[in-house]
Amino acid sequence: MRRLLLWLGLAMAAGACKIDNDMMLPDDVAGFETFEIEGQISSSINTSMLTVTVTMPEETDDFSSLTISKVKYSSATKGIQSLLAAGDKVNLTDTLTIRLQAFRTYEWKIIAVKGQAPSLEPQLYNMSIDDWYKEGDLWRVYGRNVSDSEKSIWATPNIKIGVTVSVTTPDSTFVAVPGQGKKAAKLESKNVLIQFATGTLFTGEFIKTNGTSGAEIAWGIPFSARPKSLHGYYCYQPVKIDIAKNDEYKHLLGSMDTGQIQIFLADWDKNKWDGYPEGAIDEKGRFHVINDKKQFIDFDNDPAIIGRGNFEFSEWMDNYREFNIDIEYFNDRTPSVIVIVAAASRYGDYFTGGNGTALYLDEMSLKY
């Protein structure tokens, strides 16, 4: 049995109304956080250039009376009564200039262009790993003002159990692609409260800790495409394994730590497939990994696994390198969920790894 060896420490197809915001606005800047037009293909907010670009379908002939379907301003924006609102008509035949007031005036430009509907090659929100939000003193891998669905994409083992445990954090000084607002994820393995925790980034939900013996997580978010590979950038800086609290892995003491990035697609359904432990598959079609109960994914025998790619590494690196993890498909079924997981220490779920091992991860994308 090959198990998903990932310890969590102590602890979509593209739609027709897509919005992209290159970065969040500072608290004292007047501007748009959301802007949508009825029938649009997408809208893009560039907060550094103070522009909003709305892409309408190719067949759109009249830009003189477009209806705003959704708009949201930053908290610093003044004069709410005089601002554009949902339901208002706007003329975007030419560039529309909007002056927004905070402590000073900001001149925004709204532009409409024609474009084609997005192809069926969906990406996940925040695969660039640029959006982070500090909730209390815990880092979350999403922006400050995003939807609940966007908050549910990426998760970490960062928790608070008397003290803050943050083993997955943003890094703005060491990134694969430089630029304003760019960040990477730093996944670090370390001893916390007499227990070993490894930095982890994954798609799904952290459910709970089980005392100091383990954790329960739910793997998977809704997804129905079949990408060919997972592309991105990584930099691995391992140390020798100096912690092995499971006798089975004490032979690894003194050897170099190993990192891991995986992607797999599945169609888990408790009413469709048999042989899973009680509660392993939830109503959302996610698999619940519970390491202290040794409830892991059996990649060799799980009938729901549709495709998988795996990448392991142990070499010390000074700079980022590209990776491209090919996905091997085992059948022609359509997935219901996608799981992407990265861990600084491959054997961390058995409390085994190097105290101080670090994995930097940045600018991921799905290739088709």
Next item on the list: Report, ordered by the first and then the second residue, all pairs with beta carbons closer than 8 Å, sequence separation of six or more or different chains, a first member in the range 312-333 that is more than 20 Å from R346 (Cβ to Cβ), and a second member that is open to solvent by 80 Å² or more (accessible area, probe 1.4 Å).
Entry: Y329/R226
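Going by the structure shown, is S65 more than 26 Å from the chain's Cα centre (by Cα), surrounded by fewer than 18 Cβ atoms within 10 Å (Cβ to Cβ) and among the hydroxyl-bearing types (S, T, Y)?
Values: more than 26 Å from the chain's Cα centre (by Cα): yes; surrounded by fewer than 18 Cβ atoms within 10 Å (Cβ to Cβ): yes; among the hydroxyl-bearing types (S, T, Y): yes.
Here the answer is yes, as S65 does meet what is asked.
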Margin query: Condition first: within 28 Å of D318 (Cα to Cα), open to solvent by less than 30 Å² (accessible area, probe 1.4 Å) and not small (G, A, S). Can you find one or more residues in the range 263-286 that meet it?
Written below: yes
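I'd like the residue in the range 296-313 that is part of a strand (DSSP E or B) and in contact with a Phe, Trp or Tyr (Cβ under 9 Å, 6 or more places away or on another chain) and, out of all such residues, is farthest from D267 (Cα to Cα).
Taking the range 296-313 first, the residues part of a strand (DSSP E or B) are 305-313.
Now drop any that are not in contact with a Phe, Trp or Tyr (Cβ under 9 Å, 6 or more places away or on another chain), which leaves 305-311, 313.
Values: I305: 7, I306: 7, G307: 10, R308: 13, G309: 16, N310: 19, F311: 22, F313: 28 Å.
Per the criteria, the residue is F313.
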Next item on the list: Could you tell me which residue of the range 187-196 is least open to solvent (accessible area, probe 1.4 Å), considering only residues that are of a type outside the set (S, T, N, Q) and farther than 15 Å from D292 by Cβ?
Entry: L187
Check: For the range 168-179, does any single residue satisfy the condition of being within 17 Å of L124 (Cα to Cα) and part of a loop (DSSP other than H, G, I, E, B)?
Finding: no
Check: For residues in the range 326-343 being open to solvent by 10 Å² or more (accessible area, probe 1.4 Å) and in a strand (DSSP E or B), which is nearest to A185 (Cα to Cα)?
Finding: D326
Next item on the list: Just need a number here: residues in the range 197-237 that are open to solvent by less than 10 Å² (accessible area, probe 1.4 Å), more than 17 Å from N324 (Cβ to Cβ) and of a type in the set (S, T, Y).
Entry: 3
Check: Any idea how many residues of the range 339-360 are farther than 25 Å from K284 by Cβ and aliphatic (A, V, I, L, M)?
Finding: 3
Next item on the list: Scan the range 180-208 residue by residue and report those that are in a strand (DSSP E or B) and within 21 Å of Y249 (Cβ to Cβ).
Entry: L187, E188, K190, N191, V192, Q195, F196, A197, T200
Margin query: Against the conditions (1) among the small types (G, A, S); (2) assigned to a loop (DSSP other than H, G, I, E, B); (3) closer than 21 Å to I153 by Cα, where does S365 fall short? Just the number, please.
Written below: (2)
Next item on the list: Hey, could you check the range 152-163 for residues that are part of a strand (DSSP E or B) and open to solvent by less than 50 Å² (accessible area, probe 1.4 Å) and say which is modelled with the highest pLDDT?
Entry: W154
Notebook entry, point to check: Quick check: is even one residue across the range 309-325 at pLDDT 95 or above, within 21 Å of Y125 (Cα to Cα) and open to solvent by 60 Å² or more (accessible area, probe 1.4 Å)?
Noted result: yes
Next item on the list: Could you look through the range 164-174, keep only residues that are over 16 Å from the mean Cα position of the chain (by Cα) and open to solvent by 30 Å² or more (accessible area, probe 1.4 Å), and pick out the one that is nearest to G259 (Cα to Cα)?
Entry: F174
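So that you can scan it fast, the table gives a plain yes or no per residue for (1) closer than 30 Å to T173 by Cβ; (2) in a loop (DSSP other than H, G, I, E, B):
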{"position": "S69", "(1), (2)": "no, no"}
{"position": "A86", "(1), (2)": "no, yes"}
{"position": "E107", "(1), (2)": "no, no"}
{"position": "P122", "(1), (2)": "no, yes"}
{"position": "D130", "(1), (2)": "yes, yes"}
{"position": "K134", "(1), (2)": "yes, no"}
{"position": "N145", "(1), (2)": "yes, yes"}
{"position": "E150", "(1), (2)": "yes, no"}
Margin query: Looking for something modelled with pLDDT under 90 and closer than 30 Å to P335 by Cα - is there at least one such residue anywhere in the range 73-93?
Written below: no
Notebook entry, point to check: Just a yes or no: is a residue in the range 359-368 touching a Pro at 6+ places or on another chain (Cβ under 8 Å), of a type outside the set (D, E), surrounded by 14 or more Cβ atoms within 10 Å (Cβ to Cβ) and closer than 21 Å to V141 by Cβ?
Noted result: yes
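The values are calculated or read from the model by the stated rules, or taken from the named source; none is laboratory data. Note that the structure is a prediction, hence the values are computed from the model and not measured. Methodologically, a virtual Cβ is constructed for each residue, glycine included, from the backbone with ideal geometry; neighbour enumeration extends over all protein chains shown. In case anyone asks, the SASA skips ligands and DNA or RNA and just uses the protein heavy atoms, side chains included. Shrake-Rupley method; radii C 1.70, N 1.55, O 1.52, S 1.80 Å.
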